[in-house]
Amino acid sequence: MEDYFANYLSDTHWQIFETGWDPELQNVHETQLALGNGYIGSRSILEENPPNCRPGTFFAGLYEGTRALVPELINAPNPIDFKISIDGEKLGVTAMDVLDHRRILDMYKGILVRHTIYSNARGKRFNYQSMRFFSMHDKNTAAMQVYLTSLDEDAAFTLTNSIDASIVNRGFVTEGDKKHVTIVETNKFGNVNCVCTKTIEKETLIAYASQVVVKKDKKTYSVPDWAFKLHLKKGETACITNYLSFHTSLYPSTEKTKKAALKSVTESVKKGFDQLFREHCKVWEKKWKRANIEIDGDPNIERLIRFNIYHLLIAASENCDDISIGAKALTGEGYRGHIFWDAEIFCLPFFIYTNPSIARTLLLYRYNRLNAARNIAKETGYQGARFPWESADTGEETTPSWYKDGSGKIQKVLTMEQECHITADIAYAVVHYFSATNDVDFLLNYGLEIILEAARFWASRVEYNQRKKRYEINNVIGPDEFHENVNNNAYTNILAQWNLRMAAKLCKVCQRKYPTKVKKLTTRINLKPSDLENWRQVASKIYIPISKKTGLIEQFEGYFKKRKLPLPELDHHSLPLYPAKIRDLGDTQYVKQADVVMILFLLSDFFSLKTKKKNYIFYEKRTLHKSSLSAPVYAALGAEIGEEHKAYHYFEIATYADLKNIYDNTAMGIHAASLGGTWQALIHGFAGVRIRKEILSFNPHLPSQWKRLRTSIKFKGSDISVDIDKEKVNLYFSSKSKTDQLPIRVYGTRYTLLANKKVTFYKKYKKKVTYDTKGLY
């Protein structure tokens, strides 16, 4: 039996498989095999839309709040709705017997390939093969091709291709399902069918256009209607290609949006499926050239890390500075599509080092909502800018204020009031971006203002304890959300202190180098020299709960007095089970996710190796990892401090987070933070690539089974090829200028890397070299 799409596929190292049909895993697979291009995300439903499938078509940045508790990412009309029937019997996985079924996500090319063999009630077999992609070249375009064969008899098929506008966002019990889109116009223009829809609240237009082309008996013809007949002889095959286009517009002109969709689909038909595919693959090839990671000695992990990278690549776009990456990216309705600290702390570093232009746009999303953050600060009684814990399109706080628990009780949500560390997280992300790119234009025009206004917030958020002669930050939630309303959370206090110091330092440096530009900024935001001095003074007196005697950082004031309990038994993923018998985890030392360990990772330079090790071991015995954000952080820091076994254990959990549905909610969308965290665990952890003391440093800690790691990174406009094995690091720094030099540090020793010359650095010592033995804490 001919495999029509075999020649389109990459080798198996780039493939994720679905083998057999399991209705229980249907929604999980829809997430795992999702397609997208940063503008649109599409869950990988089967084309016939079987019962209990969850179609998901998400346009980046398109939110609505109609009948919802808070604004949410719209689940738009579904363009993948292709049904076939014969003699009243539907060709589908639940309607007929499935003799064979498999699907392949080709991550290198961003395509989804399917092969299903059906048997009807009379035992007659039908061969169905399909391939589809959402173009990375023209982000308003998608294409799907189907090969249909009647294997045992002549057959007359009825096919329908439609845009399903009945799609809803699923709500909690108190909300019910919500339909955010209504049909404005359905029309036919020649052989092109068009559906124009409009969102109910903001009246954003979404126009779809579709043209179906059939090839059979060496004849090719277009189908003018949504439904059509197809006659096949025994053993005969027809090729059906569906060309799709979709355009969104905030402008009220339905005509313009519709014409754009019609023009796109007409051009697609002229090019043909294979030309669209080649253009699409060419862009994917460029993306993988920047982002690929090769691991010799661990082929399965190599494939898993590519899965994580693939989903990062389809989550963001270079073309719009008004969108960011939600907690579930563009693959599901989980967390209502809201944007958390996940975007800046977990996802952003991948783009900083592989595609800085995307990193820039993600940070511009925050800058464009700086006034909204200023309003939040003002409304809550503070100065500067306070970023929302959950954000959508406007930058206003979109965290639901309450929820109904399993017993039916109304519970107040405190994260919007107390999880204020996100403001320092965003400032940290801006500095990280600038440190790696030297994008002075961004810093002066956008980034510095974010950092200064964030510092202004912290200067007003702290409280001075007159008796203890220190500044405190009280009534907060740190990354560990088991403990609410705590005082002096170490993560929050240390990062706020860092924010204040960095703002004062960076402003002073920029004033010296770019006086005119900075003068305009400080005048506009009414920032005085005395403010900078005040920030330094406040930072120096912020209380950091660390024991000089033991070197342990107390997660928050009073944490050490909480009940100490042994970790629960491990589940089949080797993670601690949830201690269901304990009524209030806030009374215990159990930690939801990396909290102290998180700050040790982010500000690694500030802590001695001894401090990092001691706290890692202490908190690892108390952390339940009930967030996908936790395992990659434990992997990254574990690698850095020499805990290879633990690091690899947590790294495996992170890489499998969605492929094994470890957190039991992959059906609601991919875990975007885990994707980025996994990449960081590999690059910052095992490869040991970090910016330390403002210098790009390499201090690898490869797992024992890895023989070699190869990748490339972008740093300050240059491409650096990285090739690491157990004994050496090979670096190649490409530049247009032969005289360019790059200061680096390898195995703890400083060198100067010359442009366009491959250099090998040998490991001098058997023991791991460290260079941060003192630190600030």
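The values are calculated or read from the model by the stated rules, or taken from the named source; none is laboratory data. As the structure is a prediction and not an experimental result, all values here were calculated from the model. All Cβ positions, glycine included, derive from the backbone under ideal geometry; neighbour counts span all protein chains shown. Keep in mind that these areas ignore ligands, DNA and RNA; they rest on the heavy atoms of the full protein, side chains included. Shrake-Rupley method; radii C 1.70, N 1.55, O 1.52, S 1.80 Å.
Among the residues of segment 353-405, write down those that are touching an Asp or Glu at 6+ places or on another chain (Cβ under 6 Å) and of a type in the set (F, W, Y). Within segment 353-405, W389 is the sole residue that qualifies. Checking the condition basic (K, R), at pLDDT 95 or above and in contact with a helix residue (DSSP H, G or I) (Cβ under 9 Å, 6 or more places away or on another chain), which residue from R470, R524 passes? Checking each option against the conditions leaves just R524.
With respect to G642, determine if the residue is within 27 Å of the chain's Cα centre (by Cα) and either open to solvent by less than 10 Å² (accessible area, probe 1.4 Å) or at pLDDT 95 or above (or both). When the stated conditions are applied, G642 does not pass them.
Residues satisfying the criterion are present in segment 613-626 (criterion: open to solvent by less than 10 Å² (accessible area, probe 1.4 Å), in contact with a strand residue (DSSP E or B) (Cβ under 9 Å, 6 or more places away or on another chain) and polar (S, T, N, Q)).
Right, R563: in contact with a helix residue (DSSP H, G or I) (Cβ under 7 Å, 6 or more places away or on another chain) and either surrounded by fewer than 17 Cβ atoms within 10 Å (Cβ to Cβ) or closer than 30 Å to D664 by Cβ (or both) or not? Against the criterion (in contact with a helix residue (DSSP H, G or I) (Cβ under 7 Å, 6 or more places away or on another chain) and either surrounded by fewer than 17 Cβ atoms within 10 Å (Cβ to Cβ) or closer than 30 Å to D664 by Cβ (or both)), R563 qualifies.
For segment 536-554, what are the residues that are open to solvent by 20 Å² or more (accessible area, probe 1.4 Å) and without any contact (Cβ under 8 Å) to a residue 60 or more places away in the chain? Once the filter is applied, which keeps residues that are open to solvent by 20 Å² or more (accessible area, probe 1.4 Å) and without any contact (Cβ under 8 Å) to a residue 60 or more places away in the chain, segment 536-554 yields R536, Q537, S540, S547, K548, K549. Within segment 52-102, the set of residues being at positive phi and touching a helix residue (DSSP H, G or I) at 6+ places or on another chain (Cβ under 8 Å) comprises just one member, N52. Looking only at segment 210-221, residues that are over 11 Å from N242 (Cβ atoms) and assigned to a strand (DSSP E or B) come to 5 in all. Residue count for segment 276-293, restricted to those that are under 23 Å from H671 (Cα atoms) and either touching an Asp or Glu at 6+ places or on another chain (Cβ under 6 Å) or not in a loop (DSSP other than H, G, I, E, B) (or both): 5. In segment 286-315, the residues that are within 20 Å of I104 (Cα to Cα) and open to solvent by 10 Å² or more (accessible area, probe 1.4 Å) form Cβ pairs under 8 Å with partners that are modelled with pLDDT of 95 or more and of a type in the set (D, E), at six or more places apart or across chains, as follows: E302/E294.
N49: in contact (Cβ under 8 Å) with a residue 24 or more places away in the chain, more than 17 Å from I111 (Cα to Cα) and in contact with a helix residue (DSSP H, G or I) (Cβ under 9 Å, 6 or more places away or on another chain), yes or no? So N49 fails the test.
Annotation for segment 431-445: at least one member residue is under 30 Å from T354 (Cα atoms) and touching an Asp or Glu at 6+ places or on another chain (Cβ under 8 Å).
In segment 467-517, the qualifying residues are those that are open to solvent by less than 40 Å² (accessible area, probe 1.4 Å) and among the charged types (D, E, K, R), and the one that is nearest to N615 (Cα to Cα) is D480.
Restricting the first member to segment 319-342 and to residues that are within 18 Å of G56 (Cα to Cα), and the second to residues that are among the polar types (S, T, N, Q) and in a helix (DSSP H, G or I), the beta-carbon pairs closer than 6 Å and six or more apart or on different chains are T331/T31; G332/T31. Restricting K188, K258, K219 to residues that are of a type in the set (D, E, K, R) and crowded, with 16+ Cβ neighbours inside 10 Å narrows the list to K258.
Restricting attention to segment 728-764, the residues that are surrounded by 16 or more Cβ atoms within 10 Å (Cβ to Cβ) and at positive phi add up to 2. Across segment 583-604, which residue is nearest to H432 (Cα to Cα) among those that are at pLDDT 95 or above and open to solvent by 30 Å² or more (accessible area, probe 1.4 Å)? Checked segment 583-604; the qualifying residue nearest to H432 (Cα to Cα) is K592. P77 satisfies every condition listed in (1) in contact with a strand residue (DSSP E or B) (Cβ under 8 Å, 6 or more places away or on another chain); (2) within 30 Å of T361 (Cα to Cα); (3) open to solvent by 10 Å² or more (accessible area, probe 1.4 Å) except (3).
Pairing each residue of segment 577-589 that is in a loop (DSSP other than H, G, I, E, B) with any residue that is open to solvent by 10 Å² or more (accessible area, probe 1.4 Å) and among the charged types (D, E, K, R), provided the two are 6+ apart or on different chains, yields C-beta distances under 8 Å for L577/E569; L577/D571; Y578/K626; Q589/K562; Q589/R563; Q589/K564; Q589/R622.
The single condition among (1) of a type outside the set (G, A, S); (2) open to solvent by less than 30 Å² (accessible area, probe 1.4 Å); (3) over 30 Å from K289 (Cβ atoms); (4) in contact (Cβ under 8 Å) with a residue 40 or more places away in the chain that P388 does not meet is (4). Of the listed requirements (1) at pLDDT below 95; (2) assigned to a loop (DSSP other than H, G, I, E, B); (3) open to solvent by 30 Å² or more (accessible area, probe 1.4 Å), G235 misses just one: (1). Quick one: would you say E30 is part of a helix (DSSP H, G or I), of a type in the set (D, E), open to solvent by 30 Å² or more (accessible area, probe 1.4 Å) and at pLDDT 95 or above? Spelling it out, it is not the case that E30 is part of a helix (DSSP H, G or I), of a type in the set (D, E), open to solvent by 30 Å² or more (accessible area, probe 1.4 Å) and at pLDDT 95 or above.
A residue that is open to solvent by 10 Å² or more (accessible area, probe 1.4 Å), closer than 21 Å to D322 by Cβ and free of Cβ contacts under 8 Å to residues at least 60 places away in the same chain can be found somewhere in segment 391-413. In segment 736-754, which residues are outside any strand (DSSP E or B) and under 27 Å from F686 (Cβ atoms)? Once the filter is applied, which keeps residues that are outside any strand (DSSP E or B) and under 27 Å from F686 (Cβ atoms), segment 736-754 yields Y747, G748.
Report whether or not H280 is open to solvent by less than 10 Å² (accessible area, probe 1.4 Å) and in contact with a His (Cβ under 6 Å, 6 or more places away or on another chain). Answer is yes for this residue.
For segment 543-556, give me each residue that is under 33 Å from the mean Cα position of the chain (by Cα) and part of a loop (DSSP other than H, G, I, E, B). Those that are under 33 Å from the mean Cα position of the chain (by Cα) and part of a loop (DSSP other than H, G, I, E, B): I544, P545, L552, E554, Q555, F556.
The residue that is farthest from A490 (Cα to Cα), among those in segment 515-541 that are within 36 Å of the chain's Cα centre (by Cα) and of a type in the set (S, T, Y), is T522. Listed by first and then second residue, the pairs with beta-carbon distance under 6 Å, at least 6 apart or on different chains, first residue in segment 227-254 and under 24 Å from V213 (Cβ atoms) and of a type in the set (V, I, T), second open to solvent by 30 Å² or more (accessible area, probe 1.4 Å) and modelled with pLDDT of 95 or more, are T237/Y147. Among the residues of segment 431-442, those that are assigned to a helix (DSSP H, G or I) and within 24 Å of the chain's Cα centre (by Cα) comprise V431, H432, Y433, F434, S435, A436, T437, F442.
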